[in-house]
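**Student:** Got a structure for you, questions after.
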Amino acid sequence: MACVPADEASLIAAFGPHLAWEPPGGFAARGTPDRAVKTHCCFCGQQCGVQLLVKDERVVGVEPWEEFPFNQGKLCPKGIKRYLQNNHPDRLLQPLVRTGNGFAPIPWDEALDQVVERVRRIQAHHGPDAVAVLSGASLTNEKAYLMGKFARLAVGTRHIDYNGRLCMVAAGAANLKAFGIDRAANPWADIAATDLILVLGANVSECSPITTDYIWRARDRGARLVVVDPRLTPIARTADLYLPIRPGRDVALLNAILHEVIRLGGVDHAFVEAHTSGFSEVMEAVRDYAPEAVEREVGIPAHRIREAAVLWTQAPRTMLLHSRGIEHHTKGVENVLSCINLVLATGKIGRAGCGYATITGQGNGQGAREQGQRCNQLPGARDVENPEHRAAVAAAWGVPESAIPRKGATAPEILEMIHRGEIRGLISLCFNPLVSLPDATFTREALERLDFYVTIDFFLSETARHADLVLPGSLQEEDEGTVTSVEGRVLHIREAVPPPAEARRDWEIIRDLAHRFGAAELFDFHSSRAIFEELRRVSRGSVADYSGITWEKIDEKMGVFWPCPDEAHPGTPRLFEGGRFYHADGRARFHAVAYRPPAEEVDDAYPIILTTGRVVSQFLTGTQTRRIGPLVDLYPAPRVEMHPRLAAELDVTDGDPVRVASRRGSVDLLAHVVATIRPDTVFIPYHWPGRRSANRLTVRAYDPLSGIPEFKVAAVRIERLPAVERV
Amino acid sequence: MIGTLFVDPSRCIGCTACVEACSECPGHGGESMIHLDWLERASSVQTAPTVCMHCTEPACAAVCPADAIKIDPEGIVLSALAERCIGCGNCALACPFGVPIIHEAQALMRKCDLCYDRTSVGRKPMCATVCPSGALFYGTQEEVADLRRSRPQSHFVFGGETVHTRNHLMVPLSVGTVTLEPDATVSRSTAEQQLEEALC
């Protein structure tokens, strides 16, 4: 049974979250650092270069790394205060085993033996797939690669998936369908060189702040900015055109813009003819999407939709950028395809200053989706159900093709299967589903039904509290490896300090488990570098070809853009030059998509749209950032953001306690009354657990093509609470 | 030669990177010398960073009874000398921009000194190094004129007084002298007006 072994207060007292404000010994004791380690931020997909200051083998501070070309020293508050996660009082320092009233230390050997014994016992009774592995996209390429191989060849389960399922999969699936490759089409320098930037569902200033600099550099040259978002975000505030879309109506809007572009004569017929297929179906599909026909549904006046189409048509070069705002939907893939249709129809891709990108969210959101830790993919972004791909990976691994399990369940499906009792054992690394998955009450019920759960973590996350065994792993700065940034640029993460006390590097833990699972010869790794060398070799010949990338080349060139098929190859900063795409025929594919409503529409009982997202000072489930004092001070607790017109209807004023309820559950929060959001929509950031968790409200509805949950639309009702003490 | 800081609130995204970076500077002990304000959050996401503008005739230094605020030959108005400062707060009252921070317990004023330890050795100040929007830009008049479509302004009219500063505020090309009005409100941006058109 995996109920939490103690009450919340005593678990928090023992494991946090506690807040760290100062380096070890305080600011006064910091002194002159012994060295500055050039590496990258541990948080988002921008992967800003940063220097960690080390004194007496402890990380004590930060210094901008101005020579690194992507961010040139620029950082957000998370990047500046990230160093406070090191030497943190909550750090897990030894393996722990669940007891009757909490957790107790256990020797490493005993812990690892127990994992193998418990997993094998479940598999003996219920089959190999009764154990699942959940992994994460903050991991290095080396660790992501290792996790996929570990699950399939050491544990022997088909069920391996990762938290990128909540992040990148809709964009990834759409890019693969349209382009035959899943990577940002352009380097970020192309944003600064463009004439029009169209940003959809991307709170750039809070979720990828460094991209702000690229957008402003373009605007300094005269570029126009169009922003589509239900909230007036800081980047939208000064936009030339702002389209306050009703959440979940993206296909209707994009089809209407394309409808208008076609009417304006903006189609690049030569490009469409030479480099694409399927346009006539898209022409047909958008015929009924005149701006007047959709304006009520999308919530934007028709003349503004036409303005967007005119700006797009007139701009010689454009950059279309989107992120989770259009992807966290039951039609996430369709939303992205409708964006790509617009780009392809106007031939605005594959040139300097002209193209398209999804803004990857997680630290290694790009690389961690290529190395084979997805339920549907093998290393090299290969398809686990494609016989040729299976054969290539089997040959590289030196195993029979039949030894590689078939496609497994997605991360949310794994939790559903745990809830149904079909999966009974869980191994997790770098994933906090209790905070990140929709319908948190359901997720908690699922975790409580596990027969056995082992997690590798550096802090005891809310999910890890349910574990039978907790293995202390490594922070990003305690290991060496590579990540692949938002641009598709492979970067070098350097070890600043070794893991403290008994904590170990994640890959060492996984390797040692693999050995105990009887797969020693397949996991003969003595360094993370050795894992990278195998990853390179296995990726050779795939779309995501890393075989020409070496750590030395990364250092020399400040990053190498994949694909990079041989050591003499310079890497590929810009894709699709000359209209060459990655499908076998070299053509990009249009996909006709029709608008369909969200899974849960508002009604009389739940009349308000809830959308969720992030704040600049927190990252994802807050496992790290809710432990960093200066970041928590900036935004200590979630509030529900609502327009004054809605607040007046609810008889709520700014700061009032309110109860927000959906069909799944309710949360009590303070109201934040601001005129910077649509009056029919409220917003709650999702970084918090338990009684403040936005995901107590969200709906367990998934995109059928990618499995991404619909975090961006749910129906709620709101009532003012009578007394402050109820919050 | 020490450069100039150009402040452009129109670009500010309120991320607080400047504030957090300033707090990491040696000697600051976790305290930031930058003020970041939400101007009118109920109606706008407009934010603005306030750093010391380094007035050419600084009121803070003029009113200091302890002569604790020194001006370096390049015009940098330094933070109060700890051994002289009595924490009386005259400087904070006199400053037209609201920059000095008074620590009553320590009887000490602290303020932005344009990262003297960095800028005096040819480096950029911490805040302008990290600012992801370019709202804080450090360089020369020529550099900023070359990069931006706005204009640096260093004369500010407060009531009957004109203040000249070493650092500059970036203003639209159409704006001449900057006149500060105590009861001014934030004007609405195009986007803010477009949000009002949302069909619900």
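The values are calculated or read from the model by the stated rules, or taken from the named source; none is laboratory data. Keep in mind that what you see is a predicted model, and the values were worked out from it rather than measured. We place every Cβ from the backbone using ideal geometry, glycine too, and count neighbours over all the protein chains shown.
**Student:** Of the numbered conditions (1) within 14 Å of another protein chain (Cβ to nearest Cβ); (2) in a strand (DSSP E or B); (3) more than 30 Å from A:I191 (Cα to Cα), A:P23 satisfies every one except a single condition; which is it?
**Tutor:** Among (1) within 14 Å of another protein chain (Cβ to nearest Cβ); (2) in a strand (DSSP E or B); (3) more than 30 Å from A:I191 (Cα to Cα), the lone unmet condition for A:P23 is (2).
**Student:** Further question on the same structure: Scan the range A:468-514 residue by residue and report those that are under 22 Å from the mean Cα position of the chain (by Cα), in a loop (DSSP other than H, G, I, E, B) and acidic (D, E).
**Tutor:** Across the range A:468-514, the qualifying residues are A:D479, A:E480, A:E487.
**Student:** Regarding B:C127, is this residue part of a helix (DSSP H, G or I), buried (at least 16 other Cβ atoms within 10 Å of the Cβ) and away from chain A (no Cβ under 14 Å)?
**Tutor:** no
**Student:** A further question follows. From A:V399, A:V384, A:V393, which residue is surrounded by fewer than 18 Cβ atoms within 10 Å (Cβ to Cβ) and either in the same structural domain as A:R118 (by TED's automatic domain parsing) or modelled with pLDDT of 95 or more (or both)? Give the derivation first.
**Tutor:** Values: A:V384 fails: surrounded by fewer than 18 Cβ atoms within 10 Å (Cβ to Cβ); A:V393 fails: surrounded by fewer than 18 Cβ atoms within 10 Å (Cβ to Cβ).
The unique qualifying residue is A:V399.
**Student:** I need the full set of residues from the range A:687-705 which are hydroxyl-bearing (S, T, Y) and surrounded by 24 or more Cβ atoms within 10 Å (Cβ to Cβ), in order please.
**Tutor:** Going through the range A:687-705, the residues hydroxyl-bearing (S, T, Y) turn out to be A:693, A:698, A:702.
Within the range A:687-705, A:S693, A:T698 meet the criteria.
**Student:** Read through the list (1) at positive phi; (2) without any contact (Cβ under 8 Å) to a residue 60 or more places away in the chain, then give the number of the only condition that A:F576 fails.
**Tutor:** Against the list (1) at positive phi; (2) without any contact (Cβ under 8 Å) to a residue 60 or more places away in the chain, A:F576 comes up short only on (2).
**Student:** Does B:I102 qualify as being of a type in the set (V, I, T), outside the structural domain of B:R166 (by TED's automatic domain parsing), surrounded by fewer than 17 Cβ atoms within 10 Å (Cβ to Cβ) and in contact (Cβ under 8 Å) with a residue 12 or more places away in the chain? Outline the logic, then answer.
**Tutor:** Values: of a type in the set (V, I, T): yes; outside the structural domain of B:R166 (by TED's automatic domain parsing): yes; surrounded by fewer than 17 Cβ atoms within 10 Å (Cβ to Cβ): no; in contact (Cβ under 8 Å) with a residue 12 or more places away in the chain: yes.
No.
**Student:** Here is a further query. Hey, could you check the range B:24-50 for residues that are in a loop (DSSP other than H, G, I, E, B) and aliphatic (A, V, I, L, M) and say which is surrounded by the fewest Cβ atoms within 10 Å (Cβ to Cβ)? Break it down stepwise before answering.
**Tutor:** Step one: filter the range B:24-50 for residues in a loop (DSSP other than H, G, I, E, B), giving B:24-34, B:39-46.
Add one more test, that the residue is aliphatic (A, V, I, L, M), and what stays is B:33-34, B:39, B:42, B:45.
Numbers: B:M33: 25, B:I34: 22, B:L39: 16, B:A42: 12, B:V45: 24.
So the residue we want is B:A42.
**Student:** Let me ask you something else. Considering only the range A:217-269, how many residues are in a helix (DSSP H, G or I) and either within 7 Å of chain B (Cβ to nearest Cβ) or of a type outside the set (V, I, T) (or both)? Full working, then the answer.
**Tutor:** From the range A:217-269, those in a helix (DSSP H, G or I) are A:217-220, A:234-237, A:250-263, A:269; that's our starting set.
Subset that is either within 7 Å of chain B (Cβ to nearest Cβ) or of a type outside the set (V, I, T) (or both): A:217-220, A:234-237, A:250, A:252-256, A:258-260, A:263, A:269.
Number satisfying all stated conditions: 19.
**Student:** A:K78 - would you say it is more than 18 Å from A:D457 (Cα to Cα), buried (at least 24 other Cβ atoms within 10 Å of the Cβ) and within 28 Å of the chain's Cα centre (by Cα)? Before you say what the answer is, go through the steps one by one.
**Tutor:** Working: more than 18 Å from A:D457 (Cα to Cα): yes; buried (at least 24 other Cβ atoms within 10 Å of the Cβ): yes; within 28 Å of the chain's Cα centre (by Cα): yes.
So A:K78 passes the test.
**Student:** Ok, one more. Answer with yes or no whether A:G45 is outside the structural domain of A:R626 (by TED's automatic domain parsing) and either polar (S, T, N, Q) or without any contact (Cβ under 8 Å) to a residue 60 or more places away in the chain (or both).
**Tutor:** Working: outside the structural domain of A:R626 (by TED's automatic domain parsing): yes; either polar (S, T, N, Q) or without any contact (Cβ under 8 Å) to a residue 60 or more places away in the chain (or both): no.
Against the criterion (outside the structural domain of A:R626 (by TED's automatic domain parsing) and either polar (S, T, N, Q) or without any contact (Cβ under 8 Å) to a residue 60 or more places away in the chain (or both)), A:G45 does not qualify.
**Student:** I'd like the full set of residues that are in contact with a helix residue (DSSP H, G or I) (Cβ under 9 Å, 6 or more places away or on another chain) and either within 17 Å of B:I13 (Cα to Cα) or part of a loop (DSSP other than H, G, I, E, B) (or both), limited to the range A:192-209.
**Tutor:** Start the filter on the range A:192-209 by keeping residues that are in contact with a helix residue (DSSP H, G or I) (Cβ under 9 Å, 6 or more places away or on another chain), which leaves A:192-207, A:209.
Correct list: A:A193, A:T194, A:D195, A:V199, A:G201, A:A202, A:N203, A:V204, A:S205, A:E206, A:C207, A:P209.
**Student:** Could you please give the count of residues in the range A:619-631 that are assigned to a helix (DSSP H, G or I), within 14 Å of chain B (Cβ to nearest Cβ) and under 21 Å from the mean Cα position of the chain (by Cα)?
**Tutor:** Taking the range A:619-631 and keeping what is assigned to a helix (DSSP H, G or I), we get A:625-627, A:629-631.
After this cut, where a residue has to be within 14 Å of chain B (Cβ to nearest Cβ) as well, the list is A:625, A:629-631.
Now drop any that are not under 21 Å from the mean Cα position of the chain (by Cα), which leaves A:625, A:631.
Going through the range A:619-631 one residue at a time, the tally reaches 2.
**Student:** Also: So if I check each of A:A36, A:A111, which one is farther than 19 Å from A:S474 by Cβ and either surrounded by fewer than 24 Cβ atoms within 10 Å (Cβ to Cβ) or in contact with a strand residue (DSSP E or B) (Cβ under 6 Å, 6 or more places away or on another chain) (or both)?
**Tutor:** Values: A:A111 fails: farther than 19 Å from A:S474 by Cβ.
A:A36 is the lone residue from the list that is farther than 19 Å from A:S474 by Cβ and either surrounded by fewer than 24 Cβ atoms within 10 Å (Cβ to Cβ) or in contact with a strand residue (DSSP E or B) (Cβ under 6 Å, 6 or more places away or on another chain) (or both).
**Student:** Now for a different question. Could you figure out which of (1) over 18 Å from A:M147 (Cβ atoms); (2) touching a residue at least 60 places away in the same chain (Cβ under 8 Å); (3) in contact with a Cys (Cβ under 7 Å, 6 or more places away or on another chain) isn't true of A:F561?
**Tutor:** (3)
**Student:** For the range A:509-534, how many residues are touching a strand residue (DSSP E or B) at 6+ places or on another chain (Cβ under 8 Å), closer than 26 Å to A:R120 by Cβ and not hydrophobic (A, V, I, L, M, F, W, C)?
**Tutor:** Of the residues in the range A:509-534, 0 are touching a strand residue (DSSP E or B) at 6+ places or on another chain (Cβ under 8 Å), closer than 26 Å to A:R120 by Cβ and not hydrophobic (A, V, I, L, M, F, W, C).
**Student:** Conditions: (1) farther than 22 Å from A:R249 by Cβ; (2) buried (at least 24 other Cβ atoms within 10 Å of the Cβ). A:G350 meets all but one. Number of the miss?
**Tutor:** (2)
**Student:** For the range A:44-87, what are the residues that are away from chain B (no Cβ under 13 Å) and closer than 25 Å to B:G134 by Cβ?
**Tutor:** Selection gives A:G45, A:Q47, A:P69.
**Student:** Any residue in the range B:43-54 that's under 19 Å from A:A675 (Cα atoms) and within 14 Å of another protein chain (Cβ to nearest Cβ): show its pairings with residues that are in a loop (DSSP other than H, G, I, E, B) and small (G, A, S) at Cβ separation under 7 Å, as long as the two are six or more apart or on different chains.
**Tutor:** Cβ pairs passing all conditions: B:S43/A:A675; B:V45/B:G14; B:T47/B:G14.
**Student:** Taking only the range B:67-86 into account, find how many residues are small (G, A, S) and surrounded by fewer than 16 Cβ atoms within 10 Å (Cβ to Cβ).
**Tutor:** To start, the set of residues in the range B:67-86 that are small (G, A, S) comprises B:68, B:75, B:79-80, B:82.
Next, only the ones that are surrounded by fewer than 16 Cβ atoms within 10 Å (Cβ to Cβ) stay: B:82.
Final tally of qualifying residues: 1.
**Student:** Would it be correct to say that A:S323 is among the polar types (S, T, N, Q) and touching a residue at least 60 places away in the same chain (Cβ under 8 Å)?
**Tutor:** On the way: among the polar types (S, T, N, Q): yes; touching a residue at least 60 places away in the same chain (Cβ under 8 Å): yes.
Criteria met by A:S323.
**Student:** Would you check which residues across the range B:1-23 are acidic (D, E) and either more than 10 Å from chain A (Cβ to nearest Cβ) or surrounded by fewer than 24 Cβ atoms within 10 Å (Cβ to Cβ) (or both) and list them? Even if it seems obvious, please write down each step before you answer.
**Tutor:** Let us first name the residues in the range B:1-23 that are acidic (D, E), namely B:8, B:20.
B:D8 - this is the single residue of the range B:1-23 that is acidic (D, E) and either more than 10 Å from chain A (Cβ to nearest Cβ) or surrounded by fewer than 24 Cβ atoms within 10 Å (Cβ to Cβ) (or both).
**Student:** I would also like to ask the following. If I ask for residues that are of a type outside the set (D, E, K, R) and facing another protein chain (nearest Cβ under 10 Å), which ones from the range B:130-170 would you list? It would help to see each step written out before you state the result.
**Tutor:** First pass over the range B:130-170, keeping only residues of a type outside the set (D, E, K, R): B:130-141, B:144-145, B:147, B:150, B:152-160, B:162-165, B:167-170.
Selection gives B:V130, B:C131, B:P132, B:S133, B:G134, B:A135, B:L147, B:S150.
**Student:** I'd like the full set of residues that are assigned to a strand (DSSP E or B) and more than 16 Å from A:D439 (Cβ to Cβ), limited to the range A:698-722. Let's see the steps before the verdict.
**Tutor:** Kept after step one, since they are assigned to a strand (DSSP E or B), are these residues of the range A:698-722: A:702, A:709, A:714-720.
Passing the criteria: A:R717, A:I718, A:E719, A:R720.
**Student:** Within the bounds of the range B:137-153, is there any residue that is in a loop (DSSP other than H, G, I, E, B), charged (D, E, K, R) and modelled with pLDDT of 95 or more?
**Tutor:** So the first thing to find is which residues in the range B:137-153 are in a loop (DSSP other than H, G, I, E, B), and the list is B:140, B:148-150.
Narrowing the set further to residues that are charged (D, E, K, R) leaves B:148-149.
Now narrow it down to the ones that are modelled with pLDDT of 95 or more: B:148.
Yes, the range B:137-153 contains at least one residue that is in a loop (DSSP other than H, G, I, E, B), charged (D, E, K, R) and modelled with pLDDT of 95 or more.
**Student:** Are any of the residues in the range A:159-182 in contact (Cβ under 8 Å) with a residue 24 or more places away in the chain and farther than 27 Å from A:L337 by Cα?
**Tutor:** Yes, the range A:159-182 has at least one match.
**Student:** Quick check on my filter: what residues within the range A:448-464 are part of a loop (DSSP other than H, G, I, E, B), within 19 Å of the chain's Cα centre (by Cα) and closer than 23 Å to A:R120 by Cα?
**Tutor:** Listed by number, the list holds a single entry, A:T463.
**Student:** Also: Under the condition of being away from chain A (no Cβ under 13 Å) and among the basic types (K, R), which residue from the range B:106-124 is farthest from B:C12 (Cα to Cα)?
**Tutor:** Here the answer is B:R110.
**Student:** Going residue by residue through the range B:186-195, is there one that turns out to be away from chain A (no Cβ under 11 Å), closer than 30 Å to A:L243 by Cβ and free of Cβ contacts under 8 Å to residues at least 12 places away in the same chain? Steps first, please.
**Tutor:** Initially, the range B:186-195 is screened for residues away from chain A (no Cβ under 11 Å), giving B:187.
Remaining after also requiring closer than 30 Å to A:L243 by Cβ: B:187.
From what's left, free of Cβ contacts under 8 Å to residues at least 12 places away in the same chain: B:187.
Scanning the range B:186-195, I find at least one residue that is away from chain A (no Cβ under 11 Å), closer than 30 Å to A:L243 by Cβ and free of Cβ contacts under 8 Å to residues at least 12 places away in the same chain, so the answer is yes.
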